[in-house]
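> Here it is: the structure, laid out below.
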Amino acid sequence: MGLPDSERVGKALNFLCDSDEPYARASAQLEAAELRVKQVREVAFLEATGTQAERAARANQTPEALEANAELEKKVYQKELLKARRATALVLIDVWRTLEASQRRS
């Protein structure tokens, strides 16, 4: 990966524009997955027996809770990957901008 040229910067700009909606969707899905984990744990807690600590431990180990946790992990990964790619595109644009400014001064 060498220094950015105008073609790569154009692709980076297009990616940023095209990824606005997927990033928003990933953020919303992450929030929904977090809520789902909480709801699943609360229901399982209410259905469990024992002390509060025992009920909490059992609630966290139900198949539904484990599945909700796995789904949450996927959503975190998807959002963070998109976030990192968008950050990389911004860095690429900034480097190109700096190079262009330096060439104008020369």
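> If I take every Cα pair under 8 Å that is 6 or more residues apart in segment 6-105, average their sequence separation and divide by the length, what percent do I get for the relative contact order? Please report the intermediate quantities before stating the final value.
Values: 63 pairs, mean separation 41.7, N = 100.
It rounds to 42 percent for segment 6-105.
> To test your reading of the geometry: what angle, between 0 and 90 degrees and rounded to tens, separates the Cα axis of helix 20-47 from the longest principal axis of the chain?
Once rounded, one gets 10 degrees.
> Explain nothing, just the number: dipole magnitude of the chain about its Cα centre with +1 on each Lys and Arg Cβ and -1 on each Asp and Glu Cβ, in debye rounded to the nearest 20.
On the way: 17 positive and 17 negative charges, 79 e Å.
Using only the charged Cβ atoms, the result is roughly 380 debye.
> With labels modelled as points extended 7 Å from the Cα through the Cβ direction, what inter-label distance (nm, one decimal) is found for Ala70 paired with Gln29?
1.7 nm
> Output the direction-averaged projected area (hull surface divided by four) of the convex hull of the alpha-carbon atoms of the chain, in nm².
On the way: hull surface 36.9 nm².
Mean projected area for the chain: 9.2 nm², to one decimal.
> Calculated FRET efficiency, Gln39 and Asp18, Cβ-Cβ r, R0 25 Å, to nearest 0.05?
Working: r = 33 Å, r/R0 = 1.32.
The calculated FRET efficiency here is 0.15.
> Also, I was wondering about something else. Please compute the net charge surrounding Glu71, taking Lys and Arg as +1 and Asp and Glu as -1 over other residues with Cβ under 11 Å from its Cβ.
Here the charged neighbours net out to -1.
Every number in this text was worked out from the coordinates using simple rules, so none of it is lab data. Since the structure is predicted, the reported quantities are computational estimates derived from the model, not experimental observations. All Cβ positions, even for glycine, are placed from backbone atoms using ideal geometry, and neighbour counts span all protein chains on display.
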